[in-house]
1. Counting just the residues of segment 80-95 that are surrounded by 12 or more Cβ atoms within 10 Å (Cβ to Cβ) and over 23 Å from R484 (Cβ atoms), which one comes out nearest to the ligand (Cβ to nearest atom)?
2. Out of all the residues in segment 409-433, which are among the aromatic types (F, W, Y) and more than 16 Å from the ligand (Cβ to nearest atom)?
3. For the structure I just gave you, tell me whether E787 is surrounded by fewer than 16 Cβ atoms within 10 Å (Cβ to Cβ) and farther than 29 Å from D578 by Cβ.
4. Residues of segment 771-784 being under 23 Å from C736 (Cα atoms) and surrounded by 17 or more Cβ atoms within 10 Å (Cβ to Cβ), which ones?
5. Only one of (1) among the aromatic types (F, W, Y); (2) within 16 Å of the ligand (Cβ to nearest atom); (3) not in a loop (DSSP other than H, G, I, E, B) is not met by Y577, so which one is it?
6. Which condition from (1) in a strand (DSSP E or B); (2) in contact (Cβ under 8 Å) with a residue 60 or more places away in the chain; (3) not assigned by TED's automatic domain parsing to the domain that holds E132 is the one that V240 breaks?
7. Condition test on K556, is it out of contact with any Ser or Thr (no Cβ under 8 Å at 6 or more places or on another chain), within 28 Å of Y492 (Cα to Cα) and either of a type outside the set (A, V, I, L, M) or in the same structural domain as G68 (by TED's automatic domain parsing) (or both)?
8. Could you check segment 251-367 for strands (runs of 3 or more DSSP E) lying wholly inside it with 2 or more residues that are away from the ligand (no atom under 16 Å from the Cβ)?
Amino acid sequence: MNKTIFSLLGLFLLTCGAFFLEAQTREVITLKKGWKFNKGQHPNATKIDFNDAKWETVTVPHDWAIYGPFDKEVDKQTVAITQNGENIATEKTGRTGALPYIGEAWYRNTFSLENFDGSKKVLLLFEGAMSEPEIFLNGKKVGEWKYGYSYFYFDVSKYINDTSENTLAVKLTNVGKSSRWYPGAGLYRNVRLIVKDKESFEQWSTFITTPSITENEAKVNIKTKASGTDLKLVTKIFDVNGNEISSQETSTVINDEFEQNIKVNQPRLWSPETPHLYTAVLKLYKGNVLKDEIAQRFGIRTIDYSPKTGFSLNGETRKFKGVCLHHDLGPIGTAVNMSALRRQLKILKDMGCNAIRSAHNMPSFEQLELCDEMGFLFLAESFDEWKKPKVENGYNRFFDEYAEKDVVNLVRATRNHPSIVMWSSGNEVPDQWGSEGVKRAKWLQDIFHREDPTRPVTVGMDQVKAVMESGFGAIMDVPGLNYRVHLYEEAYERFPQGFLLGSETASTVSSRGIYKFPVEIASMKTYPDFQSSSYDLEYCSWSNLPDDDFVLQDDKPWVIGEFVWTGFDYLGEPTPYDEAWPSRSSYFGINDLAGLPKDRYYLYRSRWNTTDETLHMLPHWNWKGREGETTPVFVYTSYDSAELFLNGKSLGIQKKNNDSKQNRYRLMWMDVKYEPGTLKVVALDENGNPAAEKEIKTAGKPYQLVLDSDVKTIKANGEDLAFVTVSVVDKNGIPCPTATNQLNFKVKGNGTYRAACNGDATSLELFHLPTMKLFSGKLVVLVQSTEDAGDIELTVTGKGLKKGKLKLKSVN
Ligand code: GAL
């Protein structure tokens, strides 16, 4: 049988200690293994040969396109990207990642339901399917959906044949010109069967809010719907240690809904710093018979948006120090993976980031769970397009029929996550123009309010003049501006809300470890190697530098925060090299596609991480051939001043100042003349005394490979990943920052090689093959567990280099 079964309550019990488990009332079966997969163009889908013996066997989550090959012709678009201010159509090659996501494909799986009988109800739930899914069960069409990012489910009870074998088939269709980035392809999120009694809780009907909170007590309001008659709801609330702290029962149903208000004494509030979570276990009884039970996690916290205090959480004003993230996970594509998501969040946490925007679509459930647990505020977005197209075959095709259903599912499925503090109904939608768009904005916002009266709604607006005129901006709960820093002041004056959000900021571009000379601020700057400079002074015609946003965040109390474009590089949208093959992934990331920090990471960290010291120096110091040439040195630091030394000689003290926006946030020595050796920075405290120091040295020839894993132990579940950073050092252990050696990877024991990535946006090497070149001296190898616990060994070799070995453990 190809499934993973758990009861929701069982899962909860596992995580929080000992409980007494009553009879199991519902099963959640995750269809992970044994999927048969077939991609191809089937002109007449009904005639497809259903003999799947020769189909590939895959596990789900699965992204069929990430295995490549990269191909210039895939989704090649001759267009003018009007959002980017272009008027003339030109050939864009890597816009959607140049990976083969277009076409039709089928997935099939079989499952048995041991305890199924007429008293049961079976739901089939998709947490995302890219895209236009059509679902068949036992040869009959169950239903279809359109948007690849939506969660949706069908009641499939009447299609279940018998208890032994049921055949599920899913057809997916991706058309070209349907996206502005790599959308991925296939069943990239989980597929689940929920088997429960006919008299049971309705899917996604439970809504837990905390409408009143004091230091001593909190009111927890629980609403839920159930099908059936003469039912009783018994709710128990557990704290994070599994202690029962409150309970209540009720038989009153009004308009099909139960409602309870339960008191929690001395509530421990949820916040990014203290992500306390509670669990409500809801049990549904008929007489003494337990009919259904669900465990729902929630947090106790207040949010408020007001002209006086901006955004406040639990009564304290704070700014969003946020990043936008697309959903792909670099080398593993869009196939959702807990360890990859967790690693991203760990990296962002260390940077001091406190918020995520799911650009420009519904986040995965996994990402929301992690944000609840690890403490991130979440801006959950829905659409990149409404009715007016940005790309020919985008969501505009479905807007009229699906927009409401998609929003309803987004909100109902995720509204119990304490991390979500705002919804977004759209990003830079062309409907910002014209009165119809104003109505659409209002219509969508009203749907969000109807489904969730506790959170405000924003739209990322880039047509700032237009939305000031039309009233579009005035109706938003939270006016979100994408870029347009020069219009913040005017928008604040004109809009009635009394505050503004930088819903999308910066879009500065850089390539990790690459530096260009002369060092100067430039827009849409390109170079023959299709890389961008890591001096962090290059941006796009519509965007700006990080420092421009910092000034607004620091000087304008009415700016409630920012979401930087983007936290990590993503596949597709290789601006400023949209027209330059082989560029196929973005340059916007604070971290590269492999998750390795670029210099910009430390610029944000120096501001955002207020508890740890930041002292980072750039560029690297291997500039053979540039001896005597001007090679500026920048320092990103939490200190206000520092002294720089080259080979022991002082190059003077720099202090942050108001001479320019850059001078305010960076320490810059613009006239350094390169000579090989040691560059040292000494940070100074308020009294001018040395407080910390850092050195970088000119490296010799690459000599030895060094491996460093983000974790030592992974779970033996066939999905968990270790991310191993591979770098090369010289004989003295000094990192070689320009090395490009070709490396090979081997994994032995109870693990497998999953993928590698070097962060080079122009690389056409395939992620899943066990060989790759270093880029700027580094790359990352992903090692995956099997289902057997034990030892794993990764060996990395390269011609003429001392090999690197790393041992990991996988445990049950
Ligand atoms: C914004 C857009 C993003 C991305 C970004 C690149 O205008 O919302 O999706 O395209 O520009 O700078």
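1. Kept after step one, since they are surrounded by 12 or more Cβ atoms within 10 Å (Cβ to Cβ), are these residues of segment 80-95: 80-81, 83-84, 86, 90-95.
Next, from what is left, pick out any that are over 23 Å from R484 (Cβ atoms): 90-95.
On the way: T90: 16, E91: 18, K92: 12, T93: 16, G94: 13, R95: 10 Å.
The residue in question is R95.
2. Within segment 409-433, the subset among the aromatic types (F, W, Y) is 423, 433.
If the condition is that a residue be among the aromatic types (F, W, Y) and more than 16 Å from the ligand (Cβ to nearest atom), then W423 is the only one that fits.
3. Numbers: surrounded by fewer than 16 Cβ atoms within 10 Å (Cβ to Cβ): yes; farther than 29 Å from D578 by Cβ: yes.
Taking the combined requirement at face value, the residue satisfies it.
4. If we filter segment 771-784 for residues that are under 23 Å from C736 (Cα atoms), which is where we start, we get 771-782.
M772, L774, F775, S776, G777, K778, L779, V780, V781, L782, listed by residue number.
5. (3)
6. Tallying (1) in a strand (DSSP E or B); (2) in contact (Cβ under 8 Å) with a residue 60 or more places away in the chain; (3) not assigned by TED's automatic domain parsing to the domain that holds E132, V240 fails exactly one: (1).
7. Yes; evaluated as a whole, the condition is true for this residue.
8. Values: elements: 257-265, 278-286, 289-298, 303-306, 310-313, 320-325, 355-358.
Here the list reads 257-265, 278-286, 289-298, 303-306, 310-313, 320-325.
The values are calculated or read from the model by the stated rules, or taken from the named source; none is laboratory data. Just so you know, these numbers come straight off a predicted model, no measurement behind them. Virtual Cβ from ideal backbone geometry, glycine too; neighbours counted across all protein chains shown.
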